[in-house]
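This report concerns only the one structure given below.
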């Protein structure tokens, strides 16, 4: 990979890592209801990418299901999780999409795994458990359970994408946005309160965060990554995308002043080590498994 393309991937991973931190700030510090913020994000994507709606994909039913799994459902759980868990831990736990995708490819696509990937899967989950469990009370972080759930349903969406005729990156984004924002607004209206007041009172910082999520993450991040996918094998890109959770942890500590603990460091090393092992081993049935949900949703 040339320096120009590596720099582009470096920036994309930085953008995705930064987005975890920004979203955590929006739904926790600025107190914007998380499901509502997810709805706003998808509405913005749908509005900006309207020209890419055509040609209308043939299998809209499957696309609707995909939109739930890597759109509305995934982001609702992810944002609720971020409202209840620190961004640094969430950055690591979100990488469970990689082992989940591998397990899904075994269950539904007939993929077989060797002992190395088997160990990698166990390490990925073991590291996350170390991060999520409070050693004093032996309770599991409520927010990180939501993050893990988001990773799981995102991997289901990846399986559905494998069964659908490919569409362009931006067309996939606009249809996911179109199918996702209305259900999210409806769920938000039922479960949350003071959405518009909270969003408006957040001021320009929340509006800039929204613009960053829509343009920087969903459009630039996804579009640039799809460009790289067309040039390079996924087996090369998968390990490099581990820059994303590393950036997430670093930026969480620098920008949000989150504490760095021995538990977080050890759990991150174990979990990301397991993810790296999985990413380095070729998945013949679902090559995208080594990147979790990134190809489908543009990171986080």
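We did not get these values from a lab; they are worked out from the coordinates using the rules stated. Since the structure is predicted, the reported quantities are computational estimates derived from the model, not experimental observations. Cβ sites come from the backbone with ideal geometry, for glycine too, and all protein chains shown count toward neighbours.
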- Item | Cα centroid of the range 13-53 to Cα centroid of the range 175-207, whole Å | 10
- Note on the structure: Mean separation of Cα contacts under 8 Å (at least 6 apart) over the residue count of the range 38-197, i.e. the relative contact order in percent, is 50
- Query: Pick from 83, 182, 148: which residue has the top mean-square fluctuation in a GNM of the chain where Cα pairs under 10 Å get a spring?
  - Reply: 182
- Can you pull a Stokes-Einstein diffusion coefficient for the range 149-240 at 10 °C (1.306 mPa s), Rh from Kirkwood over Cα pairs, as a whole number of µm²/s? 99
- Which order do 164, 47, 172 fall in if you start with the one that has the fewest other Cβ atoms within 10 Å? 47, 164, 172
- Task: Rank by packing, highest mean first: peptides 223-230, 9-16, with packing defined as the count of other Cβ atoms within 10 Å averaged across residues.
- Result: 9-16, 223-230
- Item | Among 86, 58, 258: highest mean-square fluctuation, GNM of the chain, C-alpha pairs under 10 Å | 58
- Message: Of the candidates 169, 30, 213, which one comes out as most mobile in a Gaussian network treatment of the chain with C-alpha springs shorter than 10 Å?
- Response: 30
- With no solvent and one equal point scatterer per Cα, compute the Debye intensity ratio I(q)/I(0) for the range 27-163 at 0.10 Å⁻¹ and report its log10, rounded to two decimals. -0.41
- Coarse-grained scattering of the chain at q = 0.07 Å⁻¹, given as base-10 log I(q)/I(0) from a Debye sum over alpha-carbon atoms: -0.23
